[in-house]
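Read the structure below first, then the notes.
The values are calculated or read from the model by the stated rules, or taken from the named source; none is laboratory data. Treat the numbers as computed from the prediction; the structure is a model and nothing was measured. Every residue, glycine as well, gets a Cβ built from its backbone with ideal geometry; the counts of neighbours run over all protein chains shown.
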Amino acid sequence: MTIKLSDELSKNLLELGPDATVVVDGRGTIVFVNAQVARTFGYSPGDLMGEPVEALLPERFRAGHGEHRARFALQPRPRAMGEGLTLFGRHKDGHEFPVEISLSPVQSDAGPLVVAAVRDATVRHDTEQGLLEANRAKSRLLAAASHDLRQPVQALTLLNQAALRHAGPNARLADILRQQQRALDTISQLLASVLDVSKLDSGALQPAVVDCGIGDVLDRLRSDFQPLADEKGLRLVIEPTAEAGRTDPELLRRLLGNLLSNAIRYTATGRVQVTSEAQGREVAITVRDTGIGIPTDEVGKIFEEFYQVDHGSQRPEGLGLGLSIVKRLAHLLGHGIGVESVVGQGTAFTVTLPRVALAATLAQAGAGAAAANAKGTILIVDDELAVAHATSLLLELEGFDVQVANGKEEALERVARAVPDVIISDYHLRGLETGADVVAAVRVRVGSSVPAIFVTGDTSKLGGANVGNSILLNKPTKVDELLSAIQRHLAANGAAAR
Ligand code: ADP
């Protein structure tokens with residue numbers, strides 16, 4: 001049954017509603033306003049009759065409003081105006097205030113009309129702004145607290161390690177100290193994660209977006225995660241790529257680092273693989289594992305803070321914050337994040353970012369150390385000839401020019417012929433000579449701070465190794481680590497461009 005309402009009844013209904021109601025005709029002229037309009041806009045109804053509806057808008061929106069009206073007339077249906085935007089009304093006294101507006105088309109004998117119900121949203125708007133600011137303030141407090149708490153935890157860690165070294169034959173004490181260390185490590189990781197989350201939430205972190213080779217980011221990840229994968233007996237396969245993307249490389253590395261650490265953590269056997277694939281105007285980077293997988297009904301929840309999938313008897317290893325950091329980083333960078341998983345078979349997380357074409361040389365730099373560094377010259381200093389020659393062969397195969405010296409004298413002879421881009425030196429050389437002495441002498445001779453890599457089997461005896469522009473690697477050195485360290489030096493010192 002349909003009821004045809006009399007004009008009188010319709011008007012009474014419009015008067016009864018809680019909102020300021022304005023009815024306009026097809027030309028945007030006000031043909032009716034209810035009494036609420038006086039409270040919201042300050043006009044008495046008589047002031048507005050026959051005026052253009054634009055009189056109720058701030059001046060800067062008036063010119064464009066006709067177009068919005070025309071668009072509504074083309075597809076007239078009840079809807080909220082400017083969904084997702086903050087709309088403003090203009091009071092008779094000139095002040096602006098936020099409004100919410102619902103529009104409804106109605107047919108009348110005089111032609112199509114539009115009924116606009118206008119609600120003053122000042123209170124809601126202020127409440128939302130207040131909540132947003134309160135939330136930011138909470139995040140800033142958490143960031144400050146977790147940052148400051150990390151210092152004493154670091155001091156406790158050092159003291160605990162000193163105690164462990166002096167525990168002597170007291171196995172029970174050593175065991176207690178080791179357990180204490182594990183607890184300290186957990187606190188320290190938790191503080192680092194809370195700091196990350198709160199920094200991201202407080203809006204303090206501004207991404208520095210540039211065009212960069214994806215390979216460069218992946219190279220760093222390889223050296224960071226290879227030891228973890230090795231420890232678990234997993235194969236880490238990071239496929240070389242010449243793709244480039246628009247991103248903040250440091251934040252992307254942190255995002256992918258969280259995914260890689262999860263992939264390794266939740267995989268008992270098999271491999272963890274990172275691939276990069278061009279997909280039209282985007283690059284998709286996928287971290288795929290052969291691990292335990294995530295049940296379908298849990299996939300929607302894993303990005304929430306502190307959410308951990310219940311794996312029965314097995315205690316969760318992580319802290320439950322990794323993926324919420326991933327979600328925030330992806331949001332901040334404007335990158336997409338997706339996940340596919342099959343329980344018992346494995347999981348794949350994919351990050352998508354805008355793809356860019358970089359100059360060939362720069363893009364290749366990420367494709368692995370080999371080709372891009374053909375012009376780099378490396379000086380190897382080692383008194384163990386077999387080691388020196390093996391390293392030399394490896395680096396020559398990677399495309400570097402290599403010189404070998406067994407100590408300071410020979411090193412100074414070699415650099416007289418060609419200044420190296422990087423020096424790789426064993427730290428403890430014959431007699432009391434150290435790699436630091438050799439590097440210092442070479443730097444004085446060539447008059448520049450040639451970057452150095454020190455290789456050592458005993459980090460505890462490195463009291464004097466505090467040499468600038470140098471990287472320290474432990475023996476046995478992994479090839480990937482060595483190449484990545486060279487790559488970092490070349491990139492930082494601009495040698496790759498030569
Ligand atoms: P956690 O510190 O527990 O790893 P995250 O936020 O990083 O916290 O991950 C949330 C949950 O998602 C994890 O507890 C785990 O159950 C699940 N998860 C994340 N990554 C993987 C993965 N690669 N394979 C299987 N499960 C995963």
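Tally up the residues in segment 290-337 that are more than 9 Å from the ligand (Cβ to nearest atom), not charged (D, E, K, R) and not in a loop (DSSP other than H, G, I, E, B), please.
9
Taking into account only those residues within segment 61-86 that are of a type in the set (Lys, Arg) and at pLDDT below 90, which is surrounded by the most Cβ atoms within 10 Å (Cβ to Cβ)?
Across segment 61-86, the extreme among qualifying residues is ARG69.
Which pairs do you get when a residue that is at negative phi, found in segment 439-468, comes within reach of a residue that is modelled with pLDDT under 85 and assigned to a helix (DSSP H, G or I), reach meaning Cβ atoms under 7 angstrom, with the pair 6+ apart or on two chains?
Here the result reads PRO451/ASN493, each pair linking segment 439-468 to a residue that is modelled with pLDDT under 85 and assigned to a helix (DSSP H, G or I).
What is the residue count in segment 31-46 for residues that are in a strand (DSSP E or B) and closer than 13 Å to LEU57 by Cα?
Number of matching residues: 0.
Among the residues of segment 181-204, which ones are over 16 Å from GLU317 (Cα atoms) and surrounded by fewer than 16 Cβ atoms within 10 Å (Cβ to Cβ)?
Listed by number, the residues that qualify are GLY203, ALA204.
Can you go through ASP216, ASP230, ASP211 and tell me which one is in a helix (DSSP H, G or I) and surrounded by 16 or more Cβ atoms within 10 Å (Cβ to Cβ)?
ASP216
Considering segment 275-289 alone, what residues qualify as being of a type outside the set (Gly, Ala, Ser) and either part of a strand (DSSP E or B) or near the ligand (Cβ under 6 Å from one of its atoms) (or both)?
Selection gives THR275, GLU277, GLN279, GLU282, VAL283, ILE285, THR286, VAL287, ARG288, ASP289.
Considering segment 240-267 alone, what residues qualify as being assigned to a loop (DSSP other than H, G, I, E, B) and either within 17 Å of ARG355 (Cα to Cα) or out of contact with any helix residue (DSSP H, G or I) (no Cβ under 8 Å at 6 or more places or on another chain) (or both)?
PRO240, THR241, ALA242, GLU243, ASP248, TYR266
Evaluate the following for ASP126: is it assigned to a loop (DSSP other than H, G, I, E, B), of a type outside the set (S, T, N, Q), exposed (fewer than 13 other Cβ atoms within 10 Å of the Cβ) and out of contact with any strand residue (DSSP E or B) (no Cβ under 6 Å at 6 or more places or on another chain)?
Against the criterion (assigned to a loop (DSSP other than H, G, I, E, B), of a type outside the set (S, T, N, Q), exposed (fewer than 13 other Cβ atoms within 10 Å of the Cβ) and out of contact with any strand residue (DSSP E or B) (no Cβ under 6 Å at 6 or more places or on another chain)), ASP126 does not qualify.
Out of everything in segment 235-261 that is touching a residue at least 60 places away in the same chain (Cβ under 8 Å) and among the acidic types (Asp, Glu), what residue ends up being nearest to ASP216 (Cα to Cα)?
Checking each candidate, the answer is GLU243.
For the structure I just gave you, tell me whether PHE88 is under 44 Å from the mean Cα position of the chain (by Cα) and within 15 Å of PRO105 (Cα to Cα).
Spelling it out, it is not the case that PHE88 is under 44 Å from the mean Cα position of the chain (by Cα) and within 15 Å of PRO105 (Cα to Cα).
Where residues in segment 374-420 are assigned to a loop (DSSP other than H, G, I, E, B) and touching a Leu at 6+ places or on another chain (Cβ under 6 Å), which of them is surrounded by the most Cβ atoms within 10 Å (Cβ to Cβ)?
Step by step, filter segment 374-420, then rank; the result is PRO420.
Out of (1) charged (D, E, K, R); (2) in contact with a Phe, Trp or Tyr (Cβ under 9 Å, 6 or more places away or on another chain); (3) under 19 Å from GLN487 (Cβ atoms), what's the single condition that is false for GLU317?
Of everything listed in (1) charged (D, E, K, R); (2) in contact with a Phe, Trp or Tyr (Cβ under 9 Å, 6 or more places away or on another chain); (3) under 19 Å from GLN487 (Cβ atoms), GLU317 misses just condition (3).
How about segment 262-274: which of its residues are near the ligand (Cβ under 8 Å from one of its atoms) and in contact (Cβ under 8 Å) with a residue 60 or more places away in the chain?
Correct list: ASN262, ALA263, TYR266, THR267.
If I go through segment 377-425 residue by residue, how many of them are touching a helix residue (DSSP H, G or I) at 6+ places or on another chain (Cβ under 6 Å) and modelled with pLDDT under 80?
Of the residues in that region, 1 qualify.
Residues to consider are VAL22, VAL33; find the one that is β-branched (Val, Ile, Thr) and within 14 Å of ASP120 (Cβ to Cβ).
VAL22
Restricting to segment 165-203, name every residue that is in a helix (DSSP H, G or I), among the hydroxyl-bearing types (Ser, Thr, Tyr) and touching a helix residue (DSSP H, G or I) at 6+ places or on another chain (Cβ under 9 Å).
Across segment 165-203, the qualifying residues are SER188, SER193, SER198.
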